[in-house]
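*Asks:* Got a structure here, written out as structure tokens. Questions coming.
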Amino acid sequence: MTPNAPISALHQTILQAWECAFAGMSITYLSGPITTGLRQVRRLQSGSLTDEAKAKITKENCENLKSTATRLRVERSEIVVEPASLDIVDWSQKDYLVLWESLIEKHTKLILFMPGWEYSLGCATEFTRAIINDVRTETVSGSPITLDDAVTLLQVALKDILSNDGAKNQKLEKLASGLCKIIGQLESICRPRVTTNKEHLRKDASLDFLAETMNVAQFVSFSPKNGKPKQEFARIVGLSANESFRNVNEAIETLLRSSSNKSVNVRSFEPSNPQSREFIYGLKKVSDAVDAVNRLTSEGLNTIINETINVNDGGVSGVLMGNALEFSPDDTPRCVEKPGTVSLPRGWGRELLGTVYGFPIGLDTSHASRLEFSIHPEPRGWRKSNILVWEYSNQTNVEMATNPVWPNNFSRMLGDKVFGLLVAHHIGLPIPLTTVINRRIAPFSFGRATQSGETWIRTAPNVQVPGKFTTNHGWLDPFELLELEDPQGITISSVISQQGVRQRFSGALIVGADGQLIIEGKRGEGETLMLGVSSPEQLPSEVIGDVEALFARAKASIGNVRFEWVHDGEQAWIVQMHSGATDSMQGYITTKEAKYWQTFDVDTGLEKLREALKTLPSDTGVVLSERVGLTSHFADVLRRANVAARMNE
């Protein structure tokens, strides 16, 4: 919070009112200049700033903030709080900053910044508060503002303010000084923190250091002394830190008894070498573990005995570094060295994991660090929490591109459809309230209530299989559905129950090979369009505009996407989303060439098309007998088969 900031009775009253209104909710805050900003800077650079000019600047800034907030509320269908409507007599800028910083800390999931925010000391302060609290930061158009982006913008604004003798103007000099301090604060976040010489600690000492503030797997460690093991550290649930044991046997017996899986691992290392030596996994007998420790000790090695953590429990392991959060199920944090790992921004990436697992994903570390972690559906470790830390190191912050691409290992576990909807929801797009029944983890829900009184049930295979599995208007027994469509349990990851949307118009959007948007739809339900039974219809311009706006917001956050949409007459909703563009153009499903062409009768259906593609010669393309939508399941199946495909003229 702002240093030495006063908390008045009025502050407390407003904060209590917000707690009544926003408890358990996360809102969007719109940050923009009010009394200052680019308008004020330009006025000061051109001459004096009269009271009349100051009033005009404030009025224009406030009107801009209010109108933008009104538009965003309609577009996003969510709570958007703007600061311009609050005007309290005798309050200073510091009073307002105290209030809005409290809102950011307690209730805000996303801050949208108005153009020119970098010329406002208040906005810059709010950005700093967002970074400290891991609140997402974006432009009003939806483009992420990274830490490096902010520093660059503020440095450019500072240079502009000080140009043309700006330093001689007292107000500009004061603004420049304030921005300088904030740039310094943000740059310090980018740099490693100065801590103890933890970097040079032995492996077991490093674990003990982490255990002071974080949750680590239960362990006990020994060093060699006169050829025998001497206890060094111990972190076991229910005992004091570094509890002393009479001997190795008692220590390991206690650890095994406390271990969730009644199993331990033995790791050996040389004190002068951070690289591990022999590693023994999954010992369930005290005698086996004791023998291993004694043998390794006789070879002059240090040992760490830790509880075995099941990485196949439906949780994930990964690395948080700078702004990047990368993880995968069924693996250790070393998963980041392998294909299939998902990469998300640390802000909404943690929110997404919190939605899936049902508890807050803390991981409150500096941007200038690297943290290896694992997340588990059940509490584990020394502190009995759901997040374990395996390794932590300081290092200079590096901004990395983190656009999610799927399918990946995590999307396969949840279901391709589920992951796409989760991403859409967490970048702020309207998703109907969705409950996911997954094979491996507890049910979870996300999205917005539609008040339609209808339910759709959808299957979510591990990878997209267009038009093959059930989508049903109305409730079905999900267990019977799984038994019917995937009796071996290897193809469908989840069943989705989704609130219905009043379908005035329905359709899909893809990005063509030329980069142009292709939006197709029809009145009412869109299932016949997707199955190629009906043709696209002319859509109202306002419907097309709403769908284009959803795409623009998605692209600003994660790049090109394709999605199925429903419009209820007031707004567009996303009911399915996938990453990437396509190879389609008007009349051509793919742009590939073929020596020969084989006509396929659309009336025979999707399953016949799948069968035909299995025996299609490599030099032959497919011509559909009738024109179907480029966004239809027919087109999608052909694109995924990577064959030459077009429609009959």
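The values are calculated or read from the model by the stated rules, or taken from the named source; none is laboratory data. Quantities reported herein were computed from a predicted structural model and do not represent experimental measurements. Here Cβ is always computed from backbone atoms with ideal geometry, including for glycine, and neighbour counts include all displayed protein chains. Just the protein is used for accessible areas: all its heavy atoms, side chains included, with ligands, DNA and RNA removed. Shrake-Rupley method; radii C 1.70, N 1.55, O 1.52, S 1.80 Å.
*Asks:* Here are some conditions: (1) under 23 Å from PHE209 (Cα atoms); (2) out of contact with any Phe, Trp or Tyr (no Cβ under 7 Å at 6 or more places or on another chain); (3) open to solvent by less than 40 Å² (accessible area, probe 1.4 Å). MET321 meets all but one. Which one does it not meet?
*Replies:* The number of the failed condition is (3).
*Asks:* Residues ILE589, ILE574: which one is in contact with a helix residue (DSSP H, G or I) (Cβ under 6 Å, 6 or more places away or on another chain), buried (at least 21 other Cβ atoms within 10 Å of the Cβ), over 25 Å from GLN451 (Cα atoms) and of a type in the set (A, V, I, L, M)? So that I can check it myself, show each step before the final result.
*Replies:* Values: ILE574 fails: over 25 Å from GLN451 (Cα atoms).
Going through ILE589, ILE574 in turn, the sole match is ILE589.
*Asks:* Here's something else I'd like to know. Could you please give the count of residues in segment 102-133 that are buried (at least 22 other Cβ atoms within 10 Å of the Cβ), in contact with a helix residue (DSSP H, G or I) (Cβ under 6 Å, 6 or more places away or on another chain) and outside any helix (DSSP H, G or I)?
*Replies:* Total meeting the criteria: 1.
*Asks:* Could you list, in sequence order, all residues of segment 441-469 that are open to solvent by less than 40 Å² (accessible area, probe 1.4 Å) and either on the phi > 0 side of the Ramachandran plot or modelled with pLDDT under 85 (or both)?
*Replies:* Selection gives GLY447, PRO466, GLY467.
Residue-by-condition table, conditions (1) at pLDDT 90 or above; (2) aliphatic (A, V, I, L, M); (3) within 35 Å of the chain's Cα centre (by Cα):
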{"residue": "ALA5", "(1), (2), (3)": "no, yes, yes"}
{"residue": "SER8", "(1), (2), (3)": "no, no, no"}
{"residue": "SER26", "(1), (2), (3)": "no, no, yes"}
{"residue": "VAL41", "(1), (2), (3)": "no, yes, no"}
{"residue": "LEU44", "(1), (2), (3)": "no, yes, no"}
{"residue": "LEU65", "(1), (2), (3)": "yes, yes, yes"}
{"residue": "LEU72", "(1), (2), (3)": "no, yes, yes"}
{"residue": "GLU82", "(1), (2), (3)": "yes, no, yes"}
{"residue": "LEU86", "(1), (2), (3)": "yes, yes, yes"}
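*Asks:* Out of all the residues in segment 509-532, is one or more out of contact with any strand residue (DSSP E or B) (no Cβ under 8 Å at 6 or more places or on another chain), among the aliphatic types (A, V, I, L, M) and in a helix (DSSP H, G or I)?
*Replies:* Within segment 509-532, not a single residue is out of contact with any strand residue (DSSP E or B) (no Cβ under 8 Å at 6 or more places or on another chain), among the aliphatic types (A, V, I, L, M) and in a helix (DSSP H, G or I).
*Asks:* Here is a follow-up. Only residues that are under 16 Å from GLY415 (Cβ atoms) and assigned to a loop (DSSP other than H, G, I, E, B): list them for segment 489-505, please. Please lay out each step first, then the result.
*Replies:* So the first thing to find is which residues in segment 489-505 are under 16 Å from GLY415 (Cβ atoms), and the list is 489-498.
The answer is GLY489, ILE490, THR491.
*Asks:* Are any of the residues in segment 467-483 in contact with a Gly (Cβ under 6 Å, 6 or more places away or on another chain) and in a loop (DSSP other than H, G, I, E, B)? Before you say what the answer is, go through the steps one by one.
*Replies:* Our first condition is that a residue be in contact with a Gly (Cβ under 6 Å, 6 or more places away or on another chain); within segment 467-483, this holds for none.
So far as segment 467-483 goes, no, none of its residues is in contact with a Gly (Cβ under 6 Å, 6 or more places away or on another chain) and in a loop (DSSP other than H, G, I, E, B).
*Asks:* Another question, if that's okay. Just the residues that are in contact (Cβ under 8 Å) with a residue 60 or more places away in the chain and over 29 Å from THR146 (Cβ atoms), please, taken from segment 524-563.
*Replies:* LEU529, MET530, LEU531, GLY532, SER535, PRO536
*Asks:* In segment 293-307, how many are among the basic types (Lys, Arg) and either in a strand (DSSP E or B) or open to solvent by less than 30 Å² (accessible area, probe 1.4 Å) (or both)?
*Replies:* Narrowing segment 293-307 to residues among the basic types (Lys, Arg): 295.
With the extra rule that they be either in a strand (DSSP E or B) or open to solvent by less than 30 Å² (accessible area, probe 1.4 Å) (or both), the set shrinks to none.
Adding up the residues that qualify gives 0.
*Asks:* So SER506 fits all but one of (1) modelled with pLDDT of 90 or more; (2) among the hydroxyl-bearing types (Ser, Thr, Tyr); (3) under 29 Å from PHE359 (Cα atoms); (4) crowded, with 19+ Cβ neighbours inside 10 Å; what number is the exception?
*Replies:* (3)
*Asks:* Could you check LEU49 against (1) surrounded by fewer than 19 Cβ atoms within 10 Å (Cβ to Cβ); (2) in a helix (DSSP H, G or I) and say which number it fails?
*Replies:* Among (1) surrounded by fewer than 19 Cβ atoms within 10 Å (Cβ to Cβ); (2) in a helix (DSSP H, G or I), LEU49 violates only (2).
*Asks:* Does any residue in segment 478-504 that is more than 27 Å from GLN451 (Cα to Cα) and touching a residue at least 24 places away in the same chain (Cβ under 8 Å) come within less than 9 Å, Cβ to Cβ, of a residue that is among the acidic types (Asp, Glu) and in a helix (DSSP H, G or I) six or more places away or on a different chain, and which pairs are these?
*Replies:* THR491/GLU485; ILE492/GLU485; SER493/ASP416
*Asks:* Give me the pairs: first residue in segment 80-98 and free of Cβ contacts under 8 Å to residues at least 12 places away in the same chain and farther than 19 Å from LYS66 by Cβ, second residue in a loop (DSSP other than H, G, I, E, B) and open to solvent by 40 Å² or more (accessible area, probe 1.4 Å), beta-carbon distance under 7 Å, and six or more apart or on different chains, which are they?
*Replies:* Close Cβ pairs satisfying both conditions: none exist.
*Asks:* Got a sec? Which of SER244, SER258, SER223 is under 19 Å from PRO379 (Cβ atoms) and either surrounded by fewer than 21 Cβ atoms within 10 Å (Cβ to Cβ) or out of contact with any Leu (no Cβ under 8 Å at 6 or more places or on another chain) (or both)? Spell out how you get there, then give the answer.
*Replies:* On the way: SER244 fails: under 19 Å from PRO379 (Cβ atoms); SER223 fails: under 19 Å from PRO379 (Cβ atoms).
Residue meeting the stated conditions: SER258.
*Asks:* Name the residues in segment 164-178 that are of a type in the set (Gly, Ala, Ser) and without any contact (Cβ under 8 Å) to a residue 12 or more places away in the chain, would you? Spell out how you get there, then give the answer.
*Replies:* In the first step, residues of segment 164-178 are kept if they are of a type in the set (Gly, Ala, Ser); the result is 166-167, 176-178.
Residues satisfying the conditions are ALA167, SER177.
*Asks:* Taking the conditions exactly as written (open to solvent by 20 Å² or more (accessible area, probe 1.4 Å), among the hydroxyl-bearing types (Ser, Thr, Tyr) and touching a residue at least 60 places away in the same chain (Cβ under 8 Å)), does SER579 satisfy them or not? Walk me through it before giving the result.
*Replies:* On the way: open to solvent by 20 Å² or more (accessible area, probe 1.4 Å): yes; among the hydroxyl-bearing types (Ser, Thr, Tyr): yes; touching a residue at least 60 places away in the same chain (Cβ under 8 Å): yes.
The answer is yes for SER579.
Condition check ((1) surrounded by fewer than 20 Cβ atoms within 10 Å (Cβ to Cβ); (2) outside any loop (DSSP other than H, G, I, E, B); (3) among the charged types (D, E, K, R)) across all residues:
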{"position": "GLU278", "(1), (2), (3)": "yes, yes, yes"}
{"position": "SER287", "(1), (2), (3)": "yes, yes, no"}
{"position": "ASP291", "(1), (2), (3)": "yes, yes, yes"}
{"position": "ILE309", "(1), (2), (3)": "no, no, no"}
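*Asks:* Within segment 137-158, identify whether any single residue is surrounded by 22 or more Cβ atoms within 10 Å (Cβ to Cβ), more than 26 Å from LEU172 (Cβ to Cβ) and in contact (Cβ under 8 Å) with a residue 40 or more places away in the chain, and answer yes or no.
*Replies:* no
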